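See structure below.
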């Protein structure tokens, strides 16, 4: 009889659960449930969605281990009773942009990158905590612990939480995370594998204590007032479990997780996707979700004082240099709506236009931008003439703009990794578009592969679950991969880069 494991992807938009054969990685069944829209969300919605997704997947009664992948950076603040202090700020909430700039100015970009592997931007947890300290001091005063979405869900899944909602109660010392998710906070020293207490205090004005460590009841904060220290989750190694369920944990909606199930360390979403794809050094993934991400795997420490590349940890003990943009598939959504077509219609229009879109260039910063760090930027069209101001050229410019922004990320990841990309993997729903694949051949220079559609974050979490259960990292193969030969058109990138530079100058004034 096959041993089954489960992987969870608690993403911005939904919760996905996959149950797979631990030996082969074959999906046995899966389920999903939606998350609410917005850039701040009550974490209770994630817990409810997890219960619904588990039920949709047929339950976990026959599963031996489970692990949770989740959207990175989100700020979940808990009080001493284990209750959420305020709605969680998600990675795509940009109100903490000024706080990120203030932290960088105080410490210095180069010093921040050296100590933590990142330079603060609005997405990271540290700047969100600085925003909370300044904008909602009452909320910060109640803070007893801070966690990330996957930390909090794993804690609840293991039976912890407010006393009236969970069998094990509000034990904050049971909070745990993994290095990949911790590395996206801007207060974790990725190269050393430990928290940077000074960076945490710079953000919060409070002292950091790792879950499970001894600590005094109170300590004077920077203002001289007494304030309890703030607990952060302990960091669990890639091949070690967070724990094993000592009793049944009931989920919202009637599903349950039986006693004896092993809970893996979990991971940030991109690190989990890297595991699910089986990335090795030299591979670079380009993920076309709502946002866009470019990430690879390297054994070398990553330090980029410009902040273009974040030096995160991966979920295997290596490094995950990553570039993130706020605008990827959303670009296609916006322009398709503008042209009155669906995604297939947009692709059909784009394929009718030539490479370079007749000079039309879209710099697609519809939601501001994270890389480059321009949270208040807007999208711009350039080069519209009577020839290029057509539906086909505008559609092609949308696809080219989305991919050109990510191509710069591929080059940046290759530079900090010290080796050019030997293989690019296009993932995400938009990667299946014929137009995206055709344009990708002209924008990227490395061989391209489009793996089959799959829930790669949840699959990576399942890899973790199998790993902690068996003691060895599984090697699951991907079938039905589409391979594309590159056909670079340098003029497309050159036109985009020039337009993006002009747009960036305007946005930064």
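The values are calculated or read from the model by the stated rules, or taken from the named source; none is laboratory data. Computed from a predicted model, the values in this text were never measured in an experiment. Note that each Cβ is placed from the backbone with ideal geometry, even for glycine, and that neighbours are counted across all protein chains shown.
Here are some notes:
- Single residue of the stretch 95-122 satisfying the filter (crowded, with 21+ Cβ neighbours inside 10 Å and either out of contact with any helix residue (DSSP H, G or I) (no Cβ under 8 Å at 6 or more places or on another chain) or not assigned by TED's automatic domain parsing to the domain that holds residue 200 (or both)) that is farthest from residue 313 (Cα to Cα): 113
- Within the stretch 154-195, considering residues that are more than 19 Å from the chain's Cα centre (by Cα) and either within 14 Å of residue 230 (Cβ to Cβ) or not assigned by TED's automatic domain parsing to the domain that holds residue 138 (or both), the one surrounded by the most Cβ atoms within 10 Å (Cβ to Cβ): 175
- Within the span defined as the stretch 25-36, one or more residues are out of contact with any strand residue (DSSP E or B) (no Cβ under 6 Å at 6 or more places or on another chain) and either in contact (Cβ under 8 Å) with a residue 40 or more places away in the chain or assigned by TED's automatic domain parsing to the domain that holds residue 150 (or both).
- Test: residue in the stretch 157-167 that is modelled with pLDDT of 95 or more, more than 22 Å from residue 17 (Cβ to Cβ) and touching a strand residue (DSSP E or B) at 6+ places or on another chain (Cβ under 8 Å): no
- Flag for residue 398 being under 30 Å from residue 357 (Cα atoms), part of a helix (DSSP H, G or I) and more than 23 Å from the chain's Cα centre (by Cα): yes
- When the stretch 472-489 is filtered for residues that are out of contact with any helix residue (DSSP H, G or I) (no Cβ under 8 Å at 6 or more places or on another chain) and either over 23 Å from residue 399 (Cα atoms) or modelled with pLDDT of 95 or more (or both), the ones remaining, listed by number, are 472, 475, 477, 479, 480.
- Here 344, 333 are screened, and the one residue that is in the same structural domain as residue 435 (by TED's automatic domain parsing), within 28 Å of residue 97 (Cα to Cα) and not in a loop (DSSP other than H, G, I, E, B) is 333.
- Restricting attention to the stretch 172-195, the residues that are touching a residue at least 12 places away in the same chain (Cβ under 8 Å) and farther than 18 Å from residue 72 by Cα total 4.
- Taken together, the residues in the stretch 69-89 that are under 21 Å from residue 37 (Cα atoms) and buried (at least 22 other Cβ atoms within 10 Å of the Cβ) amount to 11.
- When residues in the stretch 307-331 are screened for being more than 18 Å from residue 370 (Cα to Cα) and crowded, with 24+ Cβ neighbours inside 10 Å, 4 of them pass.
- Residue match in the stretch 223-234 (condition: surrounded by 15 or more Cβ atoms within 10 Å (Cβ to Cβ), in contact with a helix residue (DSSP H, G or I) (Cβ under 6 Å, 6 or more places away or on another chain) and either at pLDDT below 95 or under 30 Å from residue 421 (Cβ atoms) (or both)): no
- Members of the stretch 244-259 that are outside any strand (DSSP E or B) and more than 21 Å from residue 178 (Cα to Cα): 246, 247, 248, 251, 252, 253, 254, 255, 258, 259
- Subset of the stretch 407-429 [under 16 Å from residue 324 (Cβ atoms), touching a helix residue (DSSP H, G or I) at 6+ places or on another chain (Cβ under 8 Å) and in a helix (DSSP H, G or I)]: 407, 408
- In the stretch 1-28, the residues that are surrounded by fewer than 15 Cβ atoms within 10 Å (Cβ to Cβ) and under 19 Å from residue 478 (Cα atoms): 23, 24, 26
- Criterion: in the same structural domain as residue 132 (by TED's automatic domain parsing), under 25 Å from residue 271 (Cβ atoms) and assigned to a strand (DSSP E or B) - qualifying residue of 5, 77: 77
- Which numbered condition residue 86 fails, given (1) under 19 Å from the mean Cα position of the chain (by Cα); (2) part of a loop (DSSP other than H, G, I, E, B): (1)
Quick grid of which residues meet (1) in contact with a strand residue (DSSP E or B) (Cβ under 9 Å, 6 or more places away or on another chain); (2) at negative phi; (3) outside the structural domain of residue 119 (by TED's automatic domain parsing):
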{"position": "356", "(1), (2), (3)": "no, no, yes"}
{"position": "367", "(1), (2), (3)": "no, yes, yes"}
{"position": "387", "(1), (2), (3)": "no, yes, yes"}
{"position": "406", "(1), (2), (3)": "yes, yes, yes"}
{"position": "413", "(1), (2), (3)": "yes, yes, yes"}
{"position": "419", "(1), (2), (3)": "yes, yes, yes"}
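- Within the stretch 347-376, the residues that satisfy the criterion of being more than 15 Å from residue 442 (Cβ to Cβ) and part of a strand (DSSP E or B) are 362, 363, 366, 368, 369, 374.
- Considering residues of the stretch 493-509 that are buried (at least 16 other Cβ atoms within 10 Å of the Cβ) and in contact with a strand residue (DSSP E or B) (Cβ under 9 Å, 6 or more places away or on another chain) only, the residue modelled with the lowest pLDDT: 507
- Lone unmet requirement of (1) modelled with pLDDT of 95 or more; (2) under 23 Å from the mean Cα position of the chain (by Cα); (3) within 21 Å of residue 232 (Cα to Cα) for residue 73: (1)
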